[in-house]
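What follows is a set of notes on a single structure, which appears directly below.
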Amino acid sequence: MPEKETMSDHIPQEVIVKILSQLPVKSLIRFRCVSRTWFSLISCHDFITLHHSRALSNTRNPPYLLFRHYDQKIGKYCFTPLSSDNPFPPTLKEGYFTCPSDFIETHCPHKSFIKRFFIAGSSNGVCLLNDSPVTEDDIAPLLWNPSIHKAIFLPIPEFPCSYMPMQYYGLAMIPL
Amino acid sequence: MSNQSESPNPTSSSNKITLKTSDNEVFEVEEAVAMKFCTVKQYFDDENNNNVTSGTSTTLIPLPNVESHPLAILITYCKKHLEIKANNADNKKEMEIDMEHYEREFLKNVMPQELTELILAANYLNFKEALDFFCRAVASAIQNKSVEYVRKFFGLESDFKPGEEEKLREEFAWSFEGVDED
């Protein structure tokens, strides 16, 4: 067999980008370990923008809708991504979505002490979550990117908040 | 995309174009097929413009960066592509279904390593539909594979500093779960 490997050295970067832009996020996160070039290629802003717009228009793998629901089996609030092929779980119990075991569960990596995050808004695949606070000091807005399993707490806003911040917060992107 | 090479009619006496590969093989293809290769089309148009004054016409086009093996496969793919398009001229949905069916069958006869060769040829020839298809095929071939498999597939080596890769693997351990065996 002739040395096929040497051929692949010549695959131009724009073709590599084309291939990578077809991959799901999980594969991309893993393939950042392939080499430093791939790491910067996959992490760069232009690629992320390209991948995001391609993912939204991909008819073969339509994007997921994220639902917050209470899972009675584990007694916790969960977030479940549902595809447009099957937008609702097959069973509805007592007004809550129950979660069939074959659904991918996306857990928020940050656990709040009362574990009742609300989705206050979303933009470009990033969700703003709010905890339902017991006191005014509990307000904890959280930015969460479910695709990469990352979340960060935002600073608590200076402006006065009521005890129901999920009614006052929202998330939108303003391109500058 | 250009519409100039649409509606190929196999029964009509269409013009033939001769392509010569890097390993000196000669392929005679119908003009409609050759015109899907934008690089060939460009060459053909330029040459013909130059030749209008001299009254000659170009029929032999050299392809110094393409070998006969991938070219033969690309020609077969292109013919089928045009045929499916012509058969479903007024039904885009049907065309897509037929195309997907053909592409699934096509991939059964192609080794993953052959895809690299096909990608390089399709890229050089600037045959957009084929390039898109092969890129999708590579993506689905590597989607669930390990980092090591991908390095081997693309002939790449890790150039991380000691510890860098381990740190990434640790931080994103979830993305390494459920990976296929190499």
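The values are calculated or read from the model by the stated rules, or taken from the named source; none is laboratory data. What you see is a predicted model, and the numbers here were worked out from it, not measured in a lab. Cβ placement follows ideal geometry from the backbone for every residue including glycine, while neighbour counts extend to all protein chains displayed.
Please indicate, with yes or no, whether at least one residue in segment B:136-147 is exposed (fewer than 15 other Cβ atoms within 10 Å of the Cβ) and hydroxyl-bearing (Ser, Thr, Tyr). There is at least one residue in segment B:136-147 that is exposed (fewer than 15 other Cβ atoms within 10 Å of the Cβ) and hydroxyl-bearing (Ser, Thr, Tyr). Within segment B:154-178, no residue satisfies the criterion of being buried (at least 16 other Cβ atoms within 10 Å of the Cβ) and more than 7 Å from chain A (Cβ to nearest Cβ). Looking across segment B:142-182, the residues that are assigned to a helix (DSSP H, G or I) and farther than 23 Å from A:Lys18 by Cα come down to B:Glu164, B:Glu165, B:Glu166, B:Lys167, B:Leu168, B:Arg169, B:Glu170, B:Glu171, B:Ala173, B:Trp174. Before we move on, is A:Leu50 part of a helix (DSSP H, G or I) and either in contact with a Pro (Cβ under 6 Å, 6 or more places away or on another chain) or modelled with pLDDT under 95 (or both)? Yes: the conditions hold for A:Leu50.
Within segment A:145-156, residues that are in a loop (DSSP other than H, G, I, E, B) sit with their Cβ atoms under 6 Å from residues that are surrounded by fewer than 16 Cβ atoms within 10 Å (Cβ to Cβ) and at pLDDT below 80, at 6+ positions apart or across chains, in these pairs: A:His149/A:Pro109.
Scanning segment A:12-30 for residues that are part of a helix (DSSP H, G or I), more than 15 Å from B:Gly155 (Cβ to Cβ) and facing chain B (nearest Cβ under 7 Å) yields A:Lys18, A:Lys26, A:Ser27, A:Ile29, A:Arg30. Note on segment B:75-97: residues that are of a type outside the set (Val, Ile, Thr) and buried (at least 17 other Cβ atoms within 10 Å of the Cβ) amount to 7.
B:Ala137 falls short on exactly one of the conditions (1) at the interface with another protein chain (Cβ under 8 Å from one of its Cβ atoms); (2) under 15 Å from A:Ile16 (Cβ atoms), and that condition is (1). When B:Ser146 is tested against (1) at the interface with another protein chain (Cβ under 7 Å from one of its Cβ atoms); (2) at pLDDT 95 or above, just one condition goes unmet, and that condition is (1). Looking only at residues of segment B:6-30 that are at pLDDT 85 or above, among the charged types (D, E, K, R) and in a loop (DSSP other than H, G, I, E, B), we find that the one that is surrounded by the most Cβ atoms within 10 Å (Cβ to Cβ) is B:Glu25.
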